[in-house]
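The values are calculated or read from the model by the stated rules, or taken from the named source; none is laboratory data. Predicted, not measured: the structure shown is a model, and the values here were computed from it. In this analysis, Cβ positions are derived from the backbone assuming ideal geometry, glycine residues included, and neighbour counts consider all displayed protein chains.
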Amino acid sequence: MKAIILVAGMGTRLKPLTDNTHKCLTEVNGKAILSNALEKLQSIGVSESILVVGYLGDQIKGSMGDSFNGMKLSYVENPIYDRTNTSYSLWVAMKDLEIPDTLLVIEGDVFFEGRILQEFLDDGFSTSTVVQKYNPNLDGSFVELSSGMVVDWIHKKVRAADFTIEDKFKTVNIHKFDRNFVGEILLPTLKEHVDSNEGREPMEYVMQDIVTKKGGKIHAFEVGTHKWFEIDDVNELKIAEEIFK
């Protein structure tokens, strides 16, 4: 089992904290966001975590090194991080990857507790994504579910005028894919989007295409009361510190 962590972005919404320190190295009550993710991945038996770096990439490499508590760390560079998005970072990591039976994909701005990953792995589905039912504290990208399966994946920037949020589920940005899904659906769809849009799209656009047009089947794992938080700005960092104090 391997994991890909997307940490190439510049974290502009978290300025000035990210002027000289990468967003994923920002600390929540003394623990870096990335260190927390690596700790949780190592604890569930991930053999290798692949970090997609760009902005301040050398800082991340110098901080984390080649291993974390015995788990191998490797690095793939997104050299055009300043004009691309997460779809391109994921493509860079996956295009030459020897696909494992189980691949976890995590965005590098999520702070979460370990129980989420363990229960996520044990949910009985080989391709799944972590979600939480809407509440007023959540914003960003949401999915629509039917019988526990994702039937639409909506980035905040492309919400229709009549979009209703109260019946949707927030994406936690932790995903699990099996070998067949990666090879037959995810990789080809990623390539289509990167080729047609030069990698400028967020990963959510690709996932929406997969579930609405490509016939991709993705189960939704509801996080319930387990703690997590996506950190994009200084206010959200304060909220995370309160949640995890």
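Inclusion of Leu97 among residues that are among the aliphatic types (A, V, I, L, M) and crowded, with 18+ Cβ neighbours inside 10 Å is not warranted.
For segment 41-55, which residues satisfy the criterion of being in contact with a strand residue (DSSP E or B) (Cβ under 7 Å, 6 or more places away or on another chain) and either in contact (Cβ under 8 Å) with a residue 60 or more places away in the chain or among the hydroxyl-bearing types (Ser, Thr, Tyr) (or both)?
Looking only at segment 41-55, we keep the residues that are in contact with a strand residue (DSSP E or B) (Cβ under 7 Å, 6 or more places away or on another chain), and these are 41-42, 46-54.
Answer for segment 41-55, where residues must be in contact with a strand residue (DSSP E or B) (Cβ under 7 Å, 6 or more places away or on another chain) and either in contact (Cβ under 8 Å) with a residue 60 or more places away in the chain or among the hydroxyl-bearing types (Ser, Thr, Tyr) (or both): Leu41, Ser47, Ser49.
Scanning segment 194-210 for residues that are in a helix (DSSP H, G or I), over 16 Å from the mean Cα position of the chain (by Cα) and either crowded, with 20+ Cβ neighbours inside 10 Å or of a type in the set (A, V, I, L, M, F, W, C) (or both) yields Val194, Ile210. Of everything listed in (1) surrounded by fewer than 18 Cβ atoms within 10 Å (Cβ to Cβ); (2) in contact (Cβ under 8 Å) with a residue 60 or more places away in the chain; (3) not aliphatic (A, V, I, L, M), the single unmet condition for Gly65 is (2). Only one of the listed residues (Asp162, Asp178, Asp195) is closer than 29 Å to Thr12 by Cα and either touching a Phe, Trp or Tyr at 6+ places or on another chain (Cβ under 6 Å) or of a type outside the set (Ser, Thr, Tyr) (or both). That residue is Asp195.
Once segment 156-193 is narrowed to residues that are under 18 Å from the mean Cα position of the chain (by Cα) and modelled with pLDDT under 95, the residue that is surrounded by the fewest Cβ atoms within 10 Å (Cβ to Cβ) is Lys157.
The sole residue among Asp82, Asp58 that is more than 16 Å from the chain's Cα centre (by Cα), closer than 28 Å to Asp195 by Cβ and either assigned to a helix (DSSP H, G or I) or among the polar types (S, T, N, Q) (or both) is Asp82.
A quick yes/no check of all residues on (1) farther than 26 Å from Val131 by Cβ; (2) in a strand (DSSP E or B):
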site	(1), (2)
Thr18	yes, no
Leu34	no, no
Lys40	no, no
Tyr75	yes, yes
Glu98	yes, no
Ile106	no, yes
Leu117	no, no
